[in-house]
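As structure tokens, the structure follows; a few thoughts come after it.
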Amino acid sequence: MTMTKLKVSLLDYGAGNVRSVRNAILANGYEIEDITDPSQIDDAEVIVFPGVGAFASAMKVLDEQGYVEPLKQYLAQNRPYLGICLGMQTLFESSEESHEEGSSDPLPGLGVVPGKVVKFDEEMVGAVPHIGWNGR
């Protein structure tokens, strides 16, 4: 009996650690299809959303390029999805990571997961890993 390999759809919206994620998927023997247009999302078997960068700019690109609603529809069906770092953070309702100039309002995310991405408590900075928000 021949087993069909799972095809992994890699969300390539123009940012993130796409190359290293692509190499890891290929090294594990999976076929890859790059998602470069929102219309491809509905046909995906599993989506991997790599992430490096800022929440605000990622959500802006996803919105401007029309990815937000197709991603929400895909995820509402409880279909396989792996969000790496920023790709996972975008699932939340909002983030405090970066704000529009002069605003302290949380930035909206995809809203699939209840809650918001928040900055670690300032008093615990020495006890948490460095993630770039503290400017060190």
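The values are calculated or read from the model by the stated rules, or taken from the named source; none is laboratory data. This one's a predicted model, so the numbers in the text were calculated from it and none came from an experiment. Here Cβ is always computed from backbone atoms with ideal geometry, including for glycine, and neighbour counts include all displayed protein chains. Accessible surface is based on the protein model in full, side chains and every heavy atom, while ligands, DNA and RNA are left aside. Shrake-Rupley method; radii C 1.70, N 1.55, O 1.52, S 1.80 Å.
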Accessible area of region 1-99 belonging to carbon and sulfur atoms, whole % at 1.4 Å probe: 50
For residue 83, distant residues with modelled amide H under 5 Å away: 49
Separation of the residue 46 and residue 32 label points, Cα + 7 Å toward Cβ, nm: 1.5
Sites residue 113 and residue 54, calculated FRET efficiency, Cβ-Cβ separation with R0 25 Å, nearest 0.05: 0.85
Most to least accessible of 55, 92 (protein chains only, probe 1.4 Å): 92, 55
